[in-house]
Amino acid sequence: MTANNYKNNLNKFQSLIALIILCIVLSLLSNKFFTASNGVNVLRQIAVNICVATGMTMIVLTAGIDLSVGSVLALCGAITAGLLKNGWQFPTLDLFVGFTLLGAILCAIIIGAFLGFFNGLVITKFKVPPFVATLAMLTIARGFTMLYTEGHPISNLGTSFAFIGAGSFIGIPIPVWIATVVVLIAVFITKKTKLGRYIYAIGGNENAAKLSGISINRVKLIVYSLGATLAAIGGIIVTSRLDSAQPNAGISYELDAIAAVVIGGTSLNGGRGSIWGTVIGAIIIGVLNNGLVLLNVSPFWQQVVKGAVILLAVIIDKIGDKKE
Amino acid sequence: MLEAKNISKQFSGIHALSNINLTLYPGKVNAIIGENGAGKSTLMKIFSGVYTQYEGQIIYQGNSIKFSGTKDAENAGIAIIHQELNLVPYLSIAENIFLGKELTNSFGMLDKNKMNNLSKQLLERLNFLIDPNTKIENLKIGQQQLVEIAKALHTNALVIIMDEPTSAISDKEVTNLFSIIAQLKNEGKTIVYISHKFIELFAIADNFVVLRDGTNIAAGLMQEATQESLIQQMSGRELKVQKKNLDTKSNIVLLSAKGIELQHPTIKLNMLLSNISFSLYKGEILGIYGLMGAGRTELMEVLFGLHPKKSKGTICIENEFKKISSPADAIKVGIALVPEDRKLQGLILNQSVSKNISLSILEKLEKWGLLLIGRKEKDLTEKYISKLSIKTAENNKSVEKLSGGNQQKVVLAKWLATNPKVLLLDEPTRGIDIQAKSEIYQLIKNLSAEGMGIILASSELPEILAVADRVIVMCEGEITANLKINETSEQEILTYAIQKN
């Protein structure tokens, strides 16, 4: 019994152990790695992925997936920038609506939530598989981003907006604070609320969940909306950090998010995994990228290594499953 | 042709078959008759190499033989046509017939022409004139069955086992199937025919074997048997359970259903349930008995709000009309369903005992409508673990590691936690050991004594007789009888269950 528990705990913490080993190895290889400034640097780089991957985790826990987060991130970033800079113009009515910082941000978040809600609607009402529904949204949202920005970056958004991405509070960058709050809320939802239980139940056995009186559709609508909302927040951070909304921002961010989820031990079949796991997964990816840069490894090799780590994580997970 | 000698088979300590002895004759249609759970399918799975672990001997064509798998049995000439057909819908007839045995030409490429021609010849033997390129999904069930038979002919099967072949086909297709069976018989094939329908058995079978509780009870020539004698043999087990005294049952109606109908999910005109009306009294255990396909499970599902769009009829709880169009509605009016398949429908297998028990009443464990309180959940779980004596080392052990009986108790606990007025139990003791079974029976009786109304759908007559106060017998989606348990007998119930045939 105790041996079994010990093994279970080992399984639970294997990504954390991997992270620690990775950090030790990198500290031995490079004396620039284990410094406070580099640590802050890594956290700043992964903050956006942590936001996006947190939403992705909740979706994957229901046995779903969201491929549209990168495009939603770009669109919402562009909308924030556009509203801040140009407001909302209705030339035919000769009307101009200007936006405050908070107004622009709220507007972008609401649009993000709506896009996720739309994903959820397509998935629940029309029974379109999540992969296909969100693949379509990936293209649609990217198209709207191009239309809205007319293919050009929207830049020079003002210092108060730039503070979100570049500023810091007691030495820690604002994006890291945002990611921390996002993670804490998500941990609370998944561990301590009815919604969290339902998310795990649906991923564990949708049929049984349905027979238990759970409204499957409502839960799915909520998680897809949450996922896209977090993507929108990520978009605002990215835009602010660059002080510019790029029409091709966020490309392949969905893959980074999924990679963090998987490395963190969440099963793509749903029902198994955790937010903390994803956070560690995102940190592993971040540390790996950072370490490889410090070691002057070619960026092309970095991609190979990242892929290999994902494979390794999943294979170790599978072997653990089989032993049980 | 094929002979079974002292065949026994156990599933985790429970005898599914014990000392089966029977002989199947070539050039004859051999009927295997028995109730659900009598051991028919287990025996057929041994013959066709699905189960390779068993005691006893199979004598095939004079030699003792032991199949190492289904492929082995197929090569030896035994083909089985399952009730649910095993064809790939998006492939053509020819591709299905040759699946896994594809013919290639000298370049190693698929020889489509040859396969099509051979398929055509096989189909012609069955008087089935159709282009072998037709996709299976475009065929009717009866036609698909012919493709299965063609597949069996292609492997030169000597023994063809048909499991309930007429359960899903029209009368005209049945006539056609029978003429094909007659033809195969004349070719000297051994046909094994499993069916519940007596009219068919008398029309087509030459010999019969009756199985009951995993043993062979009787065998003989069909023409010397009568329907009454067969029913007697199918059911005539000694009753180990005493009849109950029904005196103190109340006459307060808890649930009443009127005119319940259910459409087939794809075929509109086909009714899975029609004209179902009945009442359930407070403190009553109402059994629902029927053979395969009678509609027991479907009735439970309608009562639980799982078919809001396909079903009709009214359901009243305590004389008050309730609209039940989802499980959530059903739970709200006090109905709980312990579903047929606990692993697929009852449990979240990778989650703990306590998370499973609390799943349908989480709102009762909340503070400020948001936060779940672990303390309350722990109390709830411990209450039911002791009440139902669930054997689990820890509450947070995942339920997949529990035995079948304890898993079923977790499902029961989950539903008792909702404080239902009406408890629907669909095959509550399937696949669990005798100890757990009797504990569950006792629990059901206690619950009814506390005033809960219980509907127990079961395919096992002894279970109904042991537990229920009254039994509704169903046949092909309709109620054929409503009997008091202490005024009826197994024979009578079975007669009603097969009435329509």
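Computed from the coordinates by the stated procedures, all read-outs in this text should not be read as laboratory data. Note that the coordinates shown come from a computational prediction; the quantities given were computed from them, not determined experimentally. Because the Cβ atoms are built from the backbone with ideal geometry, glycine has one as well, and the counts that use them run over all protein chains shown.
Placing +1 on the Cβ of every Lys and Arg and -1 on the Cβ of every Asp and Glu, with nothing else charged, gives segment B:253-497 a dipole about its Cα centre of roughly 940 debye. When the pairs B:LYS66/B:LYS409; A:LYS191/B:LYS282; B:LYS309/B:LYS437; B:LYS40/B:LYS135; B:LYS332/B:LYS387; A:LYS127/B:LYS309 are compared against a 28 Å limit on Cα-Cα distance, B:LYS66/B:LYS409; A:LYS191/B:LYS282; B:LYS309/B:LYS437; B:LYS40/B:LYS135 fall above it. Could you tell me how many degrees, from 0 to 90 and to the nearest 10, lie between the Cα long axis of helix B:434-449 and the main elongation axis, the longest principal axis, of the Cα atoms of chain B? Orientation of helix B:434-449: about 40 degrees from the principal axis. The distance from the alpha carbon centre of segment B:424-501 to that of segment B:1-58 is 27 Å, rounded to a whole number. Charges were assigned to the Cβ only: +1 to each Lys and Arg, -1 to each Asp and Glu. The resulting dipole of segment A:50-323 about its Cα centre is roughly 960 debye.
Judged by the mean number of other Cβ atoms found within 10 Å, the most tightly packed of the peptides B:452-462, B:362-372, A:153-163 leads the ranking B:452-462, A:153-163, B:362-372.
Among DSSP bridges having both ends in the protein assembly as shown, what percentage is antiparallel? Round to the nearest 5.
Values: 56 of 92 bridges.
Percentage antiparallel, nearest 5: 60.
Per-residue Cβ neighbour counts within 10 Å put A:TRP276, A:TRP177, A:TRP301 in the sequence A:TRP301, A:TRP177, A:TRP276, beginning with the fewest.
Evaluate peptide A:259-272: per residue, the Cβ atoms of other protein chains within 10 Å of its Cβ; return the mean as an integer.
Across A:259-272, the average partner-chain Cβ count within 10 Å equals 1.
Any idea how far the Cα center of segment B:110-133 sits from the one of segment A:143-166, in Å? Measuring centre to centre over Cα atoms gives 66 Å.
The Cα-based radius of gyration of segment A:50-323, divided by its Kirkwood radius, gives an Rg/Rh of 0.99. Quick one: grab the alpha carbon gyration tensor of segment A:1-140, order the square roots of its eigenvalues as a ≥ b ≥ c, and give me rounded if a/c is under 1.5, else prolate or oblate depending on whether a/b is larger than b/c. Since a/c reaches 1.5 but b/c is at least a/b, the shape of segment A:1-140 is classed as oblate.
Distances between placed amide hydrogens fall under 5 Å for B:ASN216 paired with B:ASN21, all partners being 5 or more residues away or on another chain. Scanning residues 5 or more positions from B:HIS196 or on other chains, none has an amide H under 5 Å from its amide H, with H placed 1.01 Å from N in the peptide plane. Taken about its Cα centre, the protein assembly as shown carries a charge dipole of about 1900 debye when Lys and Arg each add +1 at the Cβ and Asp and Glu each add -1 at the Cβ. Counting other Cβ atoms within 10 Å as a rough exposure proxy, the listed residues B:GLU377, B:GLU261, B:GLU298 run B:GLU261, B:GLU377, B:GLU298 from fewest neighbours to most. Loop-only check: which chymotrypsin sites (Phe, Trp or Tyr not before Pro) in segment A:197-230 are DSSP coil with at most 11 other Cβ within 10 angstrom? Filter output for segment A:197-230: empty list. Computing FRET efficiency as 1/(1 + (r/R0)^6) for B:SER438 and A:PHE300, where r is the C-beta to C-beta distance and R0 is 51 Å, gives about 0.15. Averaging Cα coordinates gives a centre for segment A:93-137 and one for segment B:251-308; these two points are 44 Å apart.
Starting from the Cα of A:VAL128, step 7 Å along the direction of its Cβ; do the same at B:GLU366; then give the gap between the two resulting points in nm. Between A:VAL128 and B:GLU366, the simple spin-label model gives 3.1 nm.
Per-residue mean of foreign Cβ neighbours for A:197-209 is 6 (Cβ atoms of other chains, 10 Å radius).
Go ahead and run the numbers for FRET between B:GLU487 and A:LYS191, Cβ-Cβ distance against an R0 of 51 Å, rounding to 0.05. Intermediate values should be presented prior to the final figure.
On the way: r = 56 Å, r/R0 = 1.10.
So the FRET efficiency works out to roughly 0.35.
Could you give the DSSP H helices of chain A that reach 30 angstrom or more along their long axis (alpha carbon positions) and whose average Kyte-Doolittle hydropathy is no lower than -0.5? The answer, listed by residue number, is A:36-61, A:101-125, A:216-242, A:299-323. Among the GluC sites (Glu not before Pro) in segment B:1-76, none sits in a DSSP loop with a Cβ that has at most 11 other Cβ atoms within 10 Å.
For B:LEU424, the residues whose amide H sits under 5 Å from its own are B:ALA336, B:LEU337, B:VAL338, B:ILE455, ignoring neighbours fewer than 5 places away on the same chain, with H placed 1.01 Å from N. A P(r) calculated from all alpha carbon pairs of chain B, with 10 Å bins opening at zero, reads 4, 17, 24, 25, 18, 9, 3, 0, 0 percent. Once the C-beta distance of B:ASN251 and B:PHE321 is scaled by a Förster radius of 25 Å, the resulting FRET efficiency is 0.80 to the nearest 0.05.
So for segment B:253-497: antiparallel DSSP bridges make up what percent, rounded to the nearest 5? Close to 55 percent. Taking the C-alpha atoms only, the angle from helix B:112-125 to the longest principal axis of chain B is near 80 degrees.
Helix B:141-154 against the longest principal axis of chain B: what's the angle in degrees, Cα atoms only, rounded to the nearest 10? The answer is roughly 50 degrees. Across peptide B:338-347, the average count of Cβ atoms from other chains found within 10 Å of a residue's Cβ is 3.
A:ILE285 sits among other residues whose Cβ lies under 10 Å from its own Cβ, and their net charge, with Lys and Arg +1 and Asp and Glu -1, is 0.
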